[in-house]
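Please read the structure below before turning to the comments.
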Amino acid sequence: MSAEAEVYAALSGFSGLTAIVGTAIYPDVLPEKTPYPAVVFARVRTEPVISISNVYFGADVGLQVSCWGESRTEVDAAAVQADAALKAAGILPTGRQSGYDPDAGLYAAVIDTEIFEQP
């Protein structure tokens, strides 16, 4: 299973998160007419794990899970549930940042995580 599939399964299967965002959980980019709050996740890094004898074991994959919304309150509520969803699936978050997009007028909470992706 790909790292993205693991993250999607964790997020979309967690009732605490879906109670807030419904089905608004997307890979890579938010669609144009997205209802908010919404979640988008994307791969930001892939580091292959290769032995000295050139055997590929898999990859350390960095992903970001971004919760977007029209208020800091709704974004934080979604982020708390996204964090819990990842942890429940055994995917440990490694950091969290907040942000604001003035052009869109939207707030964000971005959760960093790492997954070992096996071939």
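All of Ala108, Ala59, Ala77, Ala88 fail the test of being farther than 15 Å from Ala9 by Cα, open to solvent by 40 Å² or more (accessible area, probe 1.4 Å), modelled with pLDDT of 95 or more and not polar (S, T, N, Q), apart from Ala77. For first residues located in segment 60-87 and without any contact (Cβ under 8 Å) to a residue 40 or more places away in the chain, partners that are crowded, with 18+ Cβ neighbours inside 10 Å and of a type in the set (Ser, Thr, Tyr) and lie 6+ apart or on another chain with Cβ distances below 8 Å form the pairs Gly69/Tyr36; Gly69/Tyr107; Glu70/Tyr36; Glu70/Tyr107; Ser71/Tyr107; Arg72/Tyr107; Val75/Tyr107. A count restricted to segment 7-36 and to residues that are under 10 Å from the mean Cα position of the chain (by Cα), within 16 Å of Glu117 (Cα to Cα) and not aromatic (Phe, Trp, Tyr) stands at 2.
Restricting segment 24-36 to residues that are hydroxyl-bearing (Ser, Thr, Tyr) and modelled with pLDDT of 95 or more, the residue that is surrounded by the most Cβ atoms within 10 Å (Cβ to Cβ) is Tyr36. Please determine whether any residue of segment 46-54 is farther than 21 Å from Ala3 by Cα, in contact with an Asp or Glu (Cβ under 8 Å, 6 or more places away or on another chain) and open to solvent by 70 Å² or more (accessible area, probe 1.4 Å). Within segment 46-54 (the criterion being farther than 21 Å from Ala3 by Cα, in contact with an Asp or Glu (Cβ under 8 Å, 6 or more places away or on another chain) and open to solvent by 70 Å² or more (accessible area, probe 1.4 Å)), the answer is no, since none of the residues qualifies. Report yes if Ser71 is more than 19 Å from Val7 (Cβ to Cβ) and either among the polar types (S, T, N, Q) or surrounded by 16 or more Cβ atoms within 10 Å (Cβ to Cβ) (or both), otherwise no. So Ser71 fits the description; yes.
Here is a check on your reading of the model: is Val39 touching a residue at least 12 places away in the same chain (Cβ under 8 Å), more than 13 Å from the chain's Cα centre (by Cα) and crowded, with 18+ Cβ neighbours inside 10 Å?
No: the conditions fail for Val39.
The values are calculated or read from the model by the stated rules, or taken from the named source; none is laboratory data. Everything quoted here is computed from the prediction, not taken from an experiment. Positions of Cβ are generated from backbone atoms using ideal geometry, with glycine treated the same way; all protein chains shown enter the neighbour counts. The area values use the complete protein model at the heavy-atom level, side chains included, leaving out ligands, DNA and RNA. Shrake-Rupley method; radii C 1.70, N 1.55, O 1.52, S 1.80 Å.
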